[in-house]
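Just so it is clear, none of the values below were taken in a lab; they were calculated from the coordinates. Note that this is a predicted model, so its numbers are computed, not measured. Virtual Cβ from ideal backbone geometry, glycine too; neighbours counted across all protein chains shown.
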Amino acid sequence: MGDPFSCGGGKKNVESASRTTPKRREEAIERFNFATCSSSLNKRAIIPTPRTRVLVLCSACQMTMSESTVFDADYPFPDLDPARARESLRFAALELSERGLASSSRWTLELLQSVPYTGSSNADPFLSRQVSSDDSAVAASTPAAKRRSQAKSLIPEHSTPAFGMHQRMSVEPGTEDASTREASGRFAPGAFASSPLANNRLAHVASPRGDPDSSLITVDSEDDAAPGSAHVHWQSNSNSVDCSPGASQVRFGGSSYAGSSLLEEETYLLAKSHFDQHQLERCIWVLESGKSSSEKARFLRLYARLLMSERKLDEHGMIIPKPNSTLPATSPSLIPILKELVDASEPFLLFLKGAILRKLNRPIEAMDCLIRSVQGFAYNWAAWQELAMTLEPGEADQMADLLPESFMVSFFREFLDRHSAQEGDVTITRIDRLLESFPRSAYLLTCRAQTNVHRLDYIEAEQDFQEAWSIDPYRIDGLADYSNALYLLNRTAELAHLAHKFSSFAKDRPEVCCLVGNYYNQRSDHHRAIEAFRHALRLDSGCVPAWILLGHEYIELKNSHAAAEMYRRALKINPREYRALYGLGQVYELNGAYTYAVNYFQKCAAIRPYDGRMWSSMGICYDHLGRSQDAISCFKRYLACRLNQGDTVMGLTRIIEVYEKERDFEAAACYHRRLVQVVDRALAGAESNVVARYARSYIIAARWEMGEIGARAAQQRAGGAADEMEQDGEGATAAATKVGNLAVANDYLQKVIAAGTEMTDSAEILLKRLAFLRD
C-alpha cells in the first residue's frame, strides 16, 4: 500500500511545505497550483464551463486569467439563476442526506427555501432522487446537467413492479435514453436476464381504448436489437386493470446480480438508520458484515469510524494535543482510516480524506483533496468549511482559478473573510449581493450581523440579528454572537427574554448554554455562568466561544492561570481567534508580564489592524515598559481607528499622560487642544459636569490660544531670525498674542468659570490677562 499522505495531483514535491519557512511555503503553493491545474486538465477533473479561465501554454506552463475572478462580489455565476439554483440545491440536499452529512444537508435546504420560486422550473424532485442513486453522478460540478434527454413525461412512480397494484400497461422497449439508463446505476448492462414482461408479445400491447392518458410501463433495453431489461418503470392512474406481476415474475424477475444490488441497498439503508440514531458501532458492523462495495457505503463506514474516534477522544478530554507533539492526539485513530483512502477519487471520499489530513497538520495535501472534492461536487458545504480552515491568510487568492464556477465560491469567500476577522466593507458588499439572489436567507443575515460585530458596529448587528430571527424565530446558529452583542449593548431585557425562550426547548445546545452564561454574567453571577459554559463544552468540546467566555469569567474571578488555559485551548482549535489572543494578552498584562502581553497584542493587531483595542492595550504595555515613543505611536494608531467620542477622548488622554511624563508640555498642550475640540463637538451645550471633568484641558487650551504656551517653540523654530528683530518686551508680547485666537480662549475660560471647579481661580486670572492682551 502506498503512502497514505500522498494524494496525487503533483503533490510529491510539496509534502513538507507545511513545516518550512513562509517563503518556501509560498513556492510550494505556486507549484501546487500549477501541478493541480495541469493534471486536472489532463485528467478532465475540472468540468469545462462556458468561461474557462485556466490555460496551460506550451512547456512554459503559463496561465492566462481573465480580468474578473470568482472571488469578485459581482461575478456572474451561472447557477445563480433561480430555477437552476433550486434544482442544484435540491439535488445536493438529497446527496448529502444520503451520505449522513446532516449539517450540510440542512444548510442546503435552508438556502433552498430562500431562493425565489419563479414557477418556470419543470424540475421534478423525483427525477433528482432517481439520478442521485448513482455514485458517479456526483462527479459533475453542476447537478442540473444530469437530466433526461427525453421530453416524454414518463416520470416513474415505482422503479420495480409493486405487488397488488392495478395497472394498465403499454410496454415500449428502447424509449428510455441509454445515458439515463446508465445514470440510474441499478443494473450494469449485460449483467442481468431480460424481464419476463419484455418480449415481442408484450412489446406491442397498447392501451385498451388508445387513451392518451393511459398508464405506461417503460422497459429499458440494452440496445435496439435486444429489447428487455430488469428495470421496469410503472406509472399509474385511476383507470387501470389488474396487471400485477405473477408468481413467475416474482421467481424469475431478476438475476443474482440484481438481487445482490437490492441486498446492498437494503444493507445500506439499515446502516444509515443506525447512523442517524448515532449508533455508530452498529452502522460500521452492518456495512462490514454486508460487504457493501459501493462508494456510498464506503464513505458512510469510514465517516462513522471518524466520528466514533472523535467521540472517544471527547469522552477522555483529549481534544487538546500535547505541547511538544508533532501530530494531534487524534492521529493514532485516524491513520488506519487514512490508509483506506489512499486511492480515493470520489468527491465525498476526497472530502473525508482532506478533513483527516487537516487534523493531522498536513495542510498542503488536505488542500489538494478538498479542492478536488469541490471540483467534483460543488455543493458540499462541509468541504468548503474544511478548505477555509486549511488555508493561511492570502492563499485563497492564489487558488481562485482552481475553484468551480458556482455561487458556493462566494459563500466560501464570505465564510473565510468572516472567520479571519477581516475588516472592511468588501464582506458586507458580498453578503448584500448574495441576498439579492437569496433574499430571505436567515443564514446570510446572521453572517452580516456577525461581520458587523467584528466591525464593532453593534447597533447594526442587533438589527440584522433581529431580522434573521424574524424569518427563523427558533434559529440556534449564531445565537452565541447575538447574545454577545446584546450583552455589550447592555440589553438586559432582550437577553433575559432570549435566555428563557431558548432554554425552554434547546437547553442542551452549546449555543444556548453560551446564551445562558451571558445572561448570568450580566447579573454578576459568575459561578453559574461558569457552569453554563462548562456544560456547553461537555456538549461540544470544539465550541470556541465557550472556551473564550469561560476565560473571561475566570478573569472576573481573578483566576488568571485558569483563564490563560481556557484561551490556549481556544487557540488550539482556531489559531487565528483574535479574542483568545487578546484575552491572553490581558492575562499577562494583569500579572505584570508586559513583554509577553505585547507579543500577543501584536498578533491581534496583525489579524485586526483596524481594531483600536489592540493598539490601545499595546500602548499601555509599552508605557509600563518605559518605551514612551512606542507607546505614543500605538496611541496615535489607535486614534486612526473607527472610534466613538468616548474612546477618542480616552486615546487623547493617554497621549497627554505620556507626553507630560516625558515633560514635553508643549506637545501635551497640543493634544489638550484636540481633546477640548472633541468634547465641544460632541456636546452642543458643553454641560458643566463634562467641562468640570476636563477643566484642566480647557485652561491649557486657553493658554495656548493666548500665546502663553507654544510661543517659545515658535521662536525656536524661527532660529536666529528672532534675535535680529531687537524688539522690547512689549513687542515680544504682541508677537506672542498672534499665536492663537483670543475669542476662543475667552470662551474656554468662561465655561470653566461657569462649571464652578477648583480651576475657577486660575480661569479668572487668565481672563484678566486676556483683557490686558485685548487692550
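Working note: Karplus 6.51/-1.76/1.60 with θ = phi - 60° gives segment 373-388 the couplings 5, 6, 5, x, 9, 7, 10, 8, 5, 5, 5, 5, 5, 4, 5, 5 Hz, where Gly and Pro are set to x. Let's test the formula: R0 of 51 Å, r as the Cβ-Cβ distance of L270 and A606. What FRET efficiency results, to the nearest 0.05? The value I calculate is 0.45. Segment 404-421 and segment 329-363 have Cα centres lying 23 Å from one another. Computed 3J(HN,Hα) for segment 749-766, one whole-Hz value per residue from the Karplus formula 6.51 cos²θ - 1.76 cosθ + 1.60 where θ = phi - 60°, is 5, 5, 5, 5, 5, 5, 6, x, 9, 5, 8, 5, 4, 5, 5, 5, 4, 5, glycine and proline marked x.
Note that segment 590-604 has calculated 3J(HN,Hα) couplings of 5, 8, x, 8, 5, 5, 5, 5, 4, 4, 6, 5, 5, 5, 5 Hz, one per residue in order, obtained from phi through the Karplus relation 6.51 cos²θ - 1.76 cosθ + 1.60 (θ = phi - 60°); glycine and proline are x.
Taking a temperature of 37 °C and a viscosity of 0.692 mPa s, what whole-number D in µm²/s does Stokes-Einstein yield for segment 514-651 with Rh from Kirkwood over alpha carbon pairs? Stokes-Einstein gives a translational diffusion coefficient of 210 µm²/s. Between segment 88-105 and segment 512-587, how far is it from one alpha carbon centroid to the other, in angstrom? Segment 88-105 and segment 512-587 have Cα centres separated by 34 Å. Exceedance of the 27 Å cut-off in Cα-Cα distance is limited, within the set K636/K768; K353/K572; K572/K603; K312/K603; K501/K603, to K636/K768; K312/K603; K501/K603.
Normalised Debye scattering of segment 476-549 at q = 0.16, 0.17 Å⁻¹ gives log10 I(q)/I(0) of -0.45, -0.51, counting only Cα atoms as equal scatterers and leaving out solvent. Compared with the alpha-carbon gap, the fully stretched path from L109 to R663 is longer by 192.9 nm at 0.36 nm per residue.
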